[in-house]
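In what follows, a single structure is set out as structure tokens and then discussed.
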């Protein structure tokens, strides 16, 4: 049977920097809430979970920025102001 040829899918263009910043900010908010509430001694591991989430977000932010610097922008996709500033 002759089936129509589907065009190749292009990668989705996303703002990875903004996504990582929002996630890291949410971990920071959770950390502040936990430091105010002071969980029970058996539940203090939640504080370290927030700290590791923040550290993971900062690592991801550095990784994405380094990746974006190394990859030359094509003529088709202009640099977004939010990723160019950081």
What pairs can you find where one residue is in the range 50-72 and touching a residue at least 40 places away in the same chain (Cβ under 8 Å), the other is surrounded by 14 or more Cβ atoms within 10 Å (Cβ to Cβ) and part of a helix (DSSP H, G or I), and their Cβ atoms are less than 6 Å apart, with a gap of 6+ or different chains? 60/20; 61/20; 64/16; 64/17
Qualifying position, being surrounded by 10 or more Cβ atoms within 10 Å (Cβ to Cβ) and either assigned to a helix (DSSP H, G or I) or at pLDDT 95 or above (or both), among 60, 42: 60
Residues of the range 1-36 classified as at pLDDT below 95 and farther than 30 Å from residue 69 by Cβ, total: 7
For the range 10-34 the number of residues that are exposed (fewer than 12 other Cβ atoms within 10 Å of the Cβ) and either in contact with a strand residue (DSSP E or B) (Cβ under 9 Å, 6 or more places away or on another chain) or not in a helix (DSSP H, G or I) (or both) is 5
For residues that are part of a helix (DSSP H, G or I) and surrounded by 10 or more Cβ atoms within 10 Å (Cβ to Cβ), scanning just the range 63-82, find the one that is modelled with the lowest pLDDT. 82
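The values are calculated or read from the model by the stated rules, or taken from the named source; none is laboratory data. Since this is a predicted model, take the numbers as computed values, not measurements. Positions of Cβ are backbone-derived with ideal geometry, glycine not excepted, and every protein chain shown enters the neighbour counts.
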